[in-house]
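Read the structure below first, then the notes.
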Amino acid sequence: MLAIKSITAAKAMSKLGPQLRCLSTHGDIAVHKLQDIFEQYRIENYAQETPSRFRKEICQAATSRDGQVASDGLFRVIHNIGASDRVTMEELETVCEELGDTSPNHTPAMPVDKMMEILQNKI
């Protein structure tokens, strides 16, 4: 029985591939806050647009010149949509640090594809 469970777990892990990255409890909570914030904003303000268009516009607005989504760019977008009271800068930094790295100017940042995964509820 144990061997079957191990094989099943190994198959599941192989499907996920090397991109699997676990979040801390704080990072997981912050990601869910972001997902809730953006989904509520999308429903209220982008009802006539496709979800993919919304995701692209949010990513474009949050992306810095180096092609990364930095915590300060993400906070700017959240502030602009009126949700800065729902998530802290520390939470955004945690998400960026755990899903990305530190950009050359020492600001926590993540790749655009990770931000897209957050918006698609894949993380």
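The values are calculated or read from the model by the stated rules, or taken from the named source; none is laboratory data. Remember, it's a predicted structure, so these values are computed and weren't measured experimentally. In this analysis, Cβ positions are derived from the backbone assuming ideal geometry, glycine residues included, and neighbour counts consider all displayed protein chains. Keep in mind that these areas ignore ligands, DNA and RNA; they rest on the heavy atoms of the full protein, side chains included. Shrake-Rupley method; radii C 1.70, N 1.55, O 1.52, S 1.80 Å.
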Aspartates and glutamates whose Cα lies under 20 Å from that of Lys114, excluding same-chain neighbours fewer than 8 positions away = Asp28, Asp36, Glu39, Glu57, Asp66, Asp72, Glu90, Glu91, Glu93, Glu97, Glu98, Asp101
Using the Karplus curve 6.51 cos²θ - 1.76 cosθ + 1.60 with θ = phi - 60°, work out ³J(HN,Hα) for each residue of the range 107-120 in order, rounded to whole Hz, and write x for Gly and Pro.
-> 9, x, 8, 10, x, 4, 5, 5, 5, 4, 5, 4, 5, 8
Distance in nm between label sites at Gln35 and Lys56, each 7 Å beyond Cα in the beta-carbon direction?
-> 2.4 nm
Work out how much length Ala47 to Asn121 would gain on full extension: take 0.36 nm times their residue separation and subtract the Cα-Cα distance, in nm to one decimal.
-> 24.8 nm
Cα-projected label distance for Asp85 with His26, points at 7 Å along beta-carbon direction, nm = 2.4 nm
Ordered by residue, what ³J(HN,Hα) values in Hz, to whole numbers, does the range 36-41 give under the Karplus form 6.51 cos²θ - 1.76 cosθ + 1.60, where θ = phi - 60° and Gly and Pro are x?
-> 5, 4, 5, 5, 5, 5
Taking K and R as +1 and D and E as -1, what net charge do the other residues with C-beta under 12 Å from the C-beta of Val87 add up to?
-> -3
Send over a whole-number figure in Å² for the accessible area per residue of the range 63-110, probe 1.4 Å.
-> 53 Å²
Using 7 Å Cα-to-Cβ label points, what is the Asp66/Glu97 separation (nm, one decimal)?
-> 1.6 nm
